[in-house]
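Engineer: Okay, here's the structure, questions in a sec.
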Amino acid sequence: MKRQVPLILCFAFGIVMILTQFSPHSFSQGIYEEVISWTLIISPFALVLATATLIQTHVARIQRRTDHWQYSFVVFAGLITMVVIGVPFGPQHQAFEWLYTNIQVPMDATMFSLLAFFIASAAFRAFRARTFEASLLLITALIVMMGNVPVGDLIWNTVLGWLPLEDGASKARQWILDNPNLSARRGIILGVSLGIISQSIRIILGIERSYLGGGD
Amino acid sequence: MNRRIVFILVALAVIIPMLLPVSLPVSVSEPTQQLYDYITALPAGSTIMLAFDYGPASLAELNPMARAVLRQCFDRDVRVIGFTLAADGTTLASTIMREVAEEKGAVDGEDYVFLGFRPGGTQVMLGMGNSISSVFETDYSGNTTTEIPMMKEITSYDEIALLIDLASGSTTELWIIYTNVRYDLQIAAGVTGVIISQMYPYLQTGQLVGLIPGILGAAQYERLIDVPAKGMLWINIESFVHLLIVLLVVIGNIIFFNQRRREE
């Protein structure tokens, strides 16, 4: 029963929602609009579930004294502070905005900015023209990198100014994005789309049941 | 070379151009020009939607785009409905809209409205196709959506001339799949550098009417509206970092080939 009910619901809603896409009749569209409004109500529960899981995970970390368990207290301090201010006073309250602007924004931005340092270091140590394919990748990456910043065109126009092509760095980058990149991306999109369709059919028909849990 | 030296070089490549600003010429790419032209061609009084689908981690690239687009819209009397699908982007988006509106004298509720955040992603996209006020019953300030002056004549995507998705993830593709295909909503995007390449198939098919590619696109847009700001500053800084990385890769390869030759 525990598994049959979700399977029946999934099958029924899956088939009905597919059919609504092929029928412009008001009855069919009425069902579609109704189901969409149901899903909007269900969505916020994911946030509740996520918060519960976060609490559960960090309580377990503290109880088991796993590596760096002390940082779990920082998680709770952050969570409780934002909830205590955000829930009664709203996200437009001065204190909430101050915490967001002065703590969350700099921390998030810092984490992302660190990538520049690691990418530079990794590029220096690992980006080698060992094979033909690696050389091709290396040259393409260098062209795209230089075409992505104005200094690329400046160097091109200064050093290769005698060529009939102006702003060659950005034009070469654009050609790479418009041709080899686009072709490869389209292939990936088609493959992924076919995969999504087949997986959706498997889920609707109850062949794929991993979303029910239990390793089935 | 020790990785600490690389880190110091990167830090210097960022700090020095920041202290001694240089101004490099920025040429405008076709996708950025397309979006600018599209908004320019909209009649005064049209309404666009601006989805702030990013959080603080990507603000360096996407905030300058948001400001540039908002400036162009308010200058041309194009009304803007802002909202976000990213919970951590709410305060960020609200602040940007408020600041640019104050700068341009735009009035909340008449020239723009910020609806805030709703969880659900694709459900929010589909739901607004039926009724915007059924998804966002109130705006971010708590006003009932249907009672906001500019929202009285806007019920769904039918009254929206364009949706611009400022994204750091895969939301643009979802907007295309769920709203362009089903509701024929015109879509443009401003995305971070790492996902630019994913957008090109949609540009070619016309499912994206324009694209602002990363911080370079932000600088290009600032040039188009003739208001140089952080996009211009940061693309110049990025120029030096890219140059440094290219030099590091070249040096790394010279060392690699020398070592290989000696081993042989």
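Engineer: Within region B:168-216, count every residue that is over 26 Å from B:Ile235 (Cβ atoms), within 13 Å of chain A (Cβ to nearest Cβ), outside any loop (DSSP other than H, G, I, E, B) and open to solvent by 10 Å² or more (accessible area, probe 1.4 Å).
Structural biologist: Total satisfying the criteria: 7.
Engineer: Another question, if that's okay. Quick one: in region B:23-41, of everything that is of a type in the set (Val, Ile, Thr) and within 23 Å of A:Lys171 (Cβ to Cβ), which residue is surrounded by the fewest Cβ atoms within 10 Å (Cβ to Cβ)? Before the answer, list the steps.
Structural biologist: Going residue by residue through region B:23-41, those that are of a type in the set (Val, Ile, Thr) are B:26, B:28, B:32, B:39-40.
Imposing the further condition that a residue be within 23 Å of A:Lys171 (Cβ to Cβ) reduces the set to B:26, B:28, B:32.
Numbers: B:Val26: 26, B:Val28: 16, B:Thr32: 26.
The extreme case among them is B:Val28.
Engineer: Let me ask something else. Have a look at A:Leu99, A:Leu79, A:Leu40, A:Leu49 and point out the one that is open to solvent by 60 Å² or more (accessible area, probe 1.4 Å), part of a helix (DSSP H, G or I) and modelled with pLDDT under 95. Show your work before the answer.
Structural biologist: On the way: A:Leu99 fails: open to solvent by 60 Å² or more (accessible area, probe 1.4 Å); A:Leu79 fails: open to solvent by 60 Å² or more (accessible area, probe 1.4 Å); A:Leu40 fails: open to solvent by 60 Å² or more (accessible area, probe 1.4 Å).
Residue meeting the stated conditions: A:Leu49.
Engineer: Can you tell me which residue among A:Ile62, A:Ile80, A:Ile55 is away from chain B (no Cβ under 14 Å), without any contact (Cβ under 8 Å) to a residue 60 or more places away in the chain and either farther than 25 Å from B:Pro119 by Cβ or charged (D, E, K, R) (or both)?
Structural biologist: Details: A:Ile80 fails: either farther than 25 Å from B:Pro119 by Cβ or charged (D, E, K, R) (or both); A:Ile55 fails: either farther than 25 Å from B:Pro119 by Cβ or charged (D, E, K, R) (or both).
When all the criteria are applied, what remains is A:Ile62.
Engineer: Exactly one condition in (1) touching a Phe, Trp or Tyr at 6+ places or on another chain (Cβ under 9 Å); (2) among the basic types (Lys, Arg); (3) part of a helix (DSSP H, G or I) is not met by A:Arg128; state its number.
Structural biologist: Against the list (1) touching a Phe, Trp or Tyr at 6+ places or on another chain (Cβ under 9 Å); (2) among the basic types (Lys, Arg); (3) part of a helix (DSSP H, G or I), A:Arg128 comes up short only on (3).
Engineer: For region B:142-158, enumerate the residues that are assigned to a loop (DSSP other than H, G, I, E, B), open to solvent by less than 50 Å² (accessible area, probe 1.4 Å) and more than 13 Å from chain A (Cβ to nearest Cβ).
Structural biologist: B:Ile148, B:Ile154
Engineer: Within region A:142-158, which residues are out of contact with any Gly (no Cβ under 9 Å at 6 or more places or on another chain), at the interface with another protein chain (Cβ under 8 Å from one of its Cβ atoms) and closer than 23 Å to B:Ile254 by Cβ? Lay out the reasoning, then the answer.
Structural biologist: Just the residues of region A:142-158 that are out of contact with any Gly (no Cβ under 9 Å at 6 or more places or on another chain), to begin with: A:142, A:144, A:149-151, A:154-155, A:158.
Filter once more, keeping what is at the interface with another protein chain (Cβ under 8 Å from one of its Cβ atoms): A:142, A:149-151, A:154.
A:Leu142, A:Val149, A:Val151, listed by residue number.
Engineer: Search region B:54-78 for residues that are away from chain A (no Cβ under 14 Å) and pair each with any residue that is surrounded by fewer than 24 Cβ atoms within 10 Å (Cβ to Cβ) and among the charged types (D, E, K, R) when their beta-carbon atoms are under 6 Å apart and the residues are at least 6 apart or on different chains.
Structural biologist: Once the first residue is away from chain A (no Cβ under 14 Å) and sits in region B:54-78, its partners that are surrounded by fewer than 24 Cβ atoms within 10 Å (Cβ to Cβ) and among the charged types (D, E, K, R) give B:Ala68/B:Glu222; B:Phe74/B:Lys104.
Engineer: Still on this structure, I have one more. Working carefully through the options B:Leu224, B:Leu248, B:Leu233, find the one that is facing chain A (nearest Cβ under 10 Å) and either touching a residue at least 12 places away in the same chain (Cβ under 8 Å) or under 28 Å from B:Ile39 (Cα atoms) (or both).
Structural biologist: Numbers: B:Leu224 fails: facing chain A (nearest Cβ under 10 Å); B:Leu233 fails: facing chain A (nearest Cβ under 10 Å).
B:Leu248 is the lone residue from the list that is facing chain A (nearest Cβ under 10 Å) and either touching a residue at least 12 places away in the same chain (Cβ under 8 Å) or under 28 Å from B:Ile39 (Cα atoms) (or both).
Engineer: Can you say whether B:Ala219 is more than 16 Å from A:Phe117 (Cα to Cα), open to solvent by 30 Å² or more (accessible area, probe 1.4 Å), within 16 Å of the chain's Cα centre (by Cα) and in contact (Cβ under 8 Å) with a residue 12 or more places away in the chain, as far as the supplied structure shows? So that I can check it myself, show each step before the final result.
Structural biologist: Details: more than 16 Å from A:Phe117 (Cα to Cα): yes; open to solvent by 30 Å² or more (accessible area, probe 1.4 Å): no; within 16 Å of the chain's Cα centre (by Cα): yes; in contact (Cβ under 8 Å) with a residue 12 or more places away in the chain: yes.
It is false that B:Ala219 is more than 16 Å from A:Phe117 (Cα to Cα), open to solvent by 30 Å² or more (accessible area, probe 1.4 Å), within 16 Å of the chain's Cα centre (by Cα) and in contact (Cβ under 8 Å) with a residue 12 or more places away in the chain.
The values are calculated or read from the model by the stated rules, or taken from the named source; none is laboratory data. Everything numeric here is computed off the predicted structure, so don't read it as measured data. In this analysis, Cβ positions are derived from the backbone assuming ideal geometry, glycine residues included, and neighbour counts consider all displayed protein chains. Side chains are part of the model used for accessible areas, which takes the heavy atoms of the whole protein and leaves out ligands, DNA and RNA. Shrake-Rupley method; radii C 1.70, N 1.55, O 1.52, S 1.80 Å.
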